[in-house]
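Visitor: One structure coming up, written as structure tokens, with questions to follow.
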Amino acid sequence: MEKWPIGVFTSIDAGLGVKLEVAHELGVPTIQLHAPAPSTRTAENAGAFLEKLQGLGIELTCVFGGFDGESYADIPTVIDTVGLVPPETRAARTAEMKEISDFAKMLHCDVVALHLGFVPHDTSSQLYEDVVAVTRDLLDHCKANGQNLHLETGQETAEGLVQFIDDVARDNLFVNFDPANMILYGTGEPIEALKKIGNRVRSIHCKDGKWADNPGKEWGQEVPLGDGDVGMENYLRTLQEIGYEGPLTIEREIPQEPERQKQEIGHAVSLLTELKAKIL
Ligand code: MG
């Protein structure tokens, strides 16, 4: 794979992301895929999807897990509903995430990713210990499938995330860095965070956002790439500095407005292409 191929976050029938056709129309060579609904995750569908990807010359670089009942309505709701942290849904979601790992294997994809949820800040708490244990369990399943697991950033500070990864202590746990999430959740200045997480970053999102008036208490605002507070040129230069060579995967979460979404992703492709030419 060339250095920094452009990518886009896609979905089939569940979750966020644009349709595969949009990636094709925009000439984007790589995608991340939000895992489809359970009924769609069959060997037959995987085969058909692989064939489609090969026909379009598009490479799948990561399969993202997501679960029914997750809501990003506001920060307290994220704490209560997202990922493997909430105890009441943990067992069922862990089982589902393992199925998603198996489905990704059918797609010949060696990276799966997810929002783990809000990892408790008190590292001596029982909840923290339980989240470490469930993450190890999932990682061992992924390892048997020849896969790495990438944690999406946002809910933790860079220091918190690095500490968690060190505490889990498995060699297939890495980070999907999303600079906008650091701003939206108010968990830290994204460029500084990127430097701290460093070579643990193995996939990224190109997404932009603006700080909230009260970061960490209310949401920031997601905006088109280049219009927010990330600073795209600085972001790419920092990726260069930490030695990141993987895809630049554009994520724009306005699936309710598909036309605008496609137009803005097209603009993001142009912006990233320009910056790549300038930096590489
Ligand atoms: Mg993201």
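Visitor: Assigning unit charges at the beta carbon (Lys, Arg +1; Asp, Glu -1) and nothing else, what dipole magnitude in debye, to the nearest 20, does segment 6-279 show about its Cα centre? Present the calculation step by step, with values, prior to reporting the outcome.
Guide: Working: 23 positive and 44 negative charges, 136 e Å.
So the dipole magnitude of segment 6-279 works out to roughly 660 debye.
Visitor: How many percent of DSSP beta bridges within segment 6-279 run antiparallel, rounded to 5? It would help to have the intermediate numbers written out before the result.
Guide: Values: 3 of 34 bridges.
Of all bridge pairs located within segment 6-279, approximately 10 percent are antiparallel.
Visitor: Using per-residue counts of other Cβ atoms within 10 Å, averaged over each peptide, order 161-171, 123-133, 204-214 from highest down. Intermediate results must be reported in sequence, preceding the final value.
Guide: Working: 161-171: 15.5, 123-133: 13.7, 204-214: 19.6.
Result, highest mean Cβ count within 10 Å first: 204-214, 161-171, 123-133.
Visitor: Here's something else I'd like to know. Of GLY216, ILE165, GLY146, which is farthest on the positive side of the dipole of the chain, counting Cα position, with +1 on Lys and Arg Cβ, -1 on Asp and Glu Cβ, and the Cα centre as origin?
Guide: GLY146
Visitor: Next up: Per residue, how much accessible surface does the chain expose to a 1.4 Å probe? Answer in Å², no decimals. Walk me through the intermediate numbers first.
Guide: Working: 11810 Å² over 280 residues.
Heavy-atom accessible area per residue stands at 42 Å².
Visitor: Just how far, in whole angstrom, is segment 1-51 from segment 73-148 if you go by their alpha carbon centroids?
Guide: Computed from Cα coordinates, the inter-centre distance equals 21 Å.
Visitor: Here is a follow-up. Mean residue ellipticity at 222 nm from the helices of the chain, using -39,500 (n - 2.57) per DSSP H segment of n ≥ 4 over the full residue count, to the nearest 500 deg cm²/dmol?
Guide: Numbers: 10 runs with 123 residues, N = 280.
Estimated from H runs of four or more residues: -13500 deg cm²/dmol.
Visitor: Okay, next question. Reachable lysines from LYS195, Cα under 30 Å, same-chain residues fewer than 8 places away excluded?
Guide: LYS3, LYS143, LYS207, LYS210, LYS217, LYS276, LYS278
Visitor: If you project the alpha carbons of segment 124-177 onto their three principal axes, what span does each projection cover, largest first, in Å?
Guide: Taking max minus min along each principal axis of the Cα atoms, segment 124-177 gives 29, 26, 15 Å.
Visitor: Hey, another quick one. When only alpha-carbon atoms count, how far does the chain stretch along each of its three principal axes, as whole angstroms with the largest first?
Guide: 48, 47, 35
Visitor: Moving on. For segment 8-68, what is the charge dipole size about the Cα centre, in debye to the nearest 20, if Lys and Arg each add +1 at the Cβ and Asp and Glu each add -1 at the Cβ?
Guide: Values: 3 positive and 7 negative charges, 13 e Å.
In debye, rounded to 20, segment 8-68 gives about 60.
Visitor: If packing is taken as the mean number of other Cβ atoms within 10 Å per residue, what is the order of 255-267, 93-105, highest first?
Guide: Values: 255-267: 14.5, 93-105: 20.4.
Put in order of decreasing packing, that is 93-105, 255-267.
The values are calculated or read from the model by the stated rules, or taken from the named source; none is laboratory data. This is a predicted model, so every value here is computed, not measured. Heads up, the Cβs are rebuilt from the backbone with ideal geometry, glycines too, and the neighbour counts pull from every protein chain shown. What goes into the accessible areas is simple: the full protein's heavy atoms, side chains included, and nothing from ligands, DNA or RNA. Shrake-Rupley method; radii C 1.70, N 1.55, O 1.52, S 1.80 Å.
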